[in-house]
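What follows is a single structure, written as structure tokens, with notes after it.
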Amino acid sequence: MGTHSHPELTKNQSLVFGTLNRADGPLTAYAILDLLRDEGFRAPLQVYRALEKLLDFGLVHRLESLNAFVACSHPGCSQHHAVAFAICETCGNVLEFTPDAALKDLSKWAGDCGFSPAKTTIELRGTCRGCGQAATN
Ligand SMILES: [Zn+2]
Ligand SMILES: [Zn+2]
């Protein structure tokens, strides 16, 4: 297998990626902009441009239901076209996983129907284990 070295990132791309990497949870483009004002970011477009490339590289994922972004939790993830997220609505924690069996079902269904998915988004909203336990104590 090849190395998982990151593609050459521009200064803005690595600043945005670093911010997402350090964050505890998903961040919106505007939250990223706020965190990077000291680095010279002034316009949402600068953040969106960097995010677009980072999405292409598979280094970050977009959470559709939150309109927010997270750093990929496993490098080399650019291999997988579809991932799923479990989003805790109590603490905001996001778990990334790859539900292979479910994805296989979806692509079989799509194939049978002659449907060509451009992308697949699976997001579970609910309560993480930690918050679930805290609620019952
Ligand atoms: Zn990933
Ligand atoms: Zn939680």
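The values are calculated or read from the model by the stated rules, or taken from the named source; none is laboratory data. It should be emphasised that the depicted structure is a prediction, and the values quoted were computed from it without experimental measurement. All Cβ positions, glycine included, derive from the backbone under ideal geometry; neighbour counts span all protein chains shown. What goes into the accessible areas is simple: the full protein's heavy atoms, side chains included, and nothing from ligands, DNA or RNA. Shrake-Rupley method; radii C 1.70, N 1.55, O 1.52, S 1.80 Å.
Condition test on ALA135, is it within 16 Å of ligand 2 (Cβ to nearest atom), modelled with pLDDT under 90, surrounded by fewer than 17 Cβ atoms within 10 Å (Cβ to Cβ) and not polar (S, T, N, Q)? So ALA135 fits the description; yes. Please list, ordered by first then second residue, the pairs with beta carbon atoms under 6 Å, 6 or more apart or interchain, first in the stretch 79-94 and outside any strand (DSSP E or B) and more than 8 Å from ligand 2 (Cβ to nearest atom), second open to solvent by 30 Å² or more (accessible area, probe 1.4 Å) and modelled with pLDDT under 85. Correct list of pairs: ALA82/THR120. Condition check for PHE41 on (1) open to solvent by 80 Å² or more (accessible area, probe 1.4 Å); (2) farther than 30 Å from GLN133 by Cα; (3) outside any helix (DSSP H, G or I): one failure, at (1).
Would you check which residues across the stretch 83-105 are among the β-branched types (Val, Ile, Thr) and within 11 Å of GLY25 (Cβ to Cβ) and list them? Walk me through it before giving the result.
Step one: of the stretch 83-105, the residues among the β-branched types (Val, Ile, Thr) are 83, 87, 90, 94, 98.
Within the stretch 83-105, ILE87, VAL94 meet the criteria.
Could you list, in sequence order, all residues of the stretch 103-137 that are under 17 Å from SER65 (Cβ atoms) and among the hydrophobic types (A, V, I, L, M, F, W, C)? Scanning the stretch 103-137 gives ILE122, LEU124, CYS128.
Which of the following residues is away from ligand 1 (no atom under 15 Å from the Cβ), under 25 Å from LEU33 (Cβ atoms), open to solvent by less than 30 Å² (accessible area, probe 1.4 Å) and in a helix (DSSP H, G or I): ALA50, ALA110? Step through it out loud before you land on a result.
Values: ALA110 fails: under 25 Å from LEU33 (Cβ atoms).
Only one candidate qualifies: ALA50.
Inside the stretch 15-38, residues that are crowded, with 17+ Cβ neighbours inside 10 Å, aromatic (Phe, Trp, Tyr) and without any contact (Cβ under 8 Å) to a residue 24 or more places away in the chain make up a count of 0.
Could you check the stretch 24-38 and list, in sequence order, the residues that are in a loop (DSSP other than H, G, I, E, B) and either aliphatic (A, V, I, L, M) or within 16 Å of ligand 2 (Cβ to nearest atom) (or both)?
Filtering the stretch 24-38 down to residues in a loop (DSSP other than H, G, I, E, B) leaves 24-26, 28, 36.
Listed by number, the residues that qualify are ASP24, GLY25, PRO26, LEU36.
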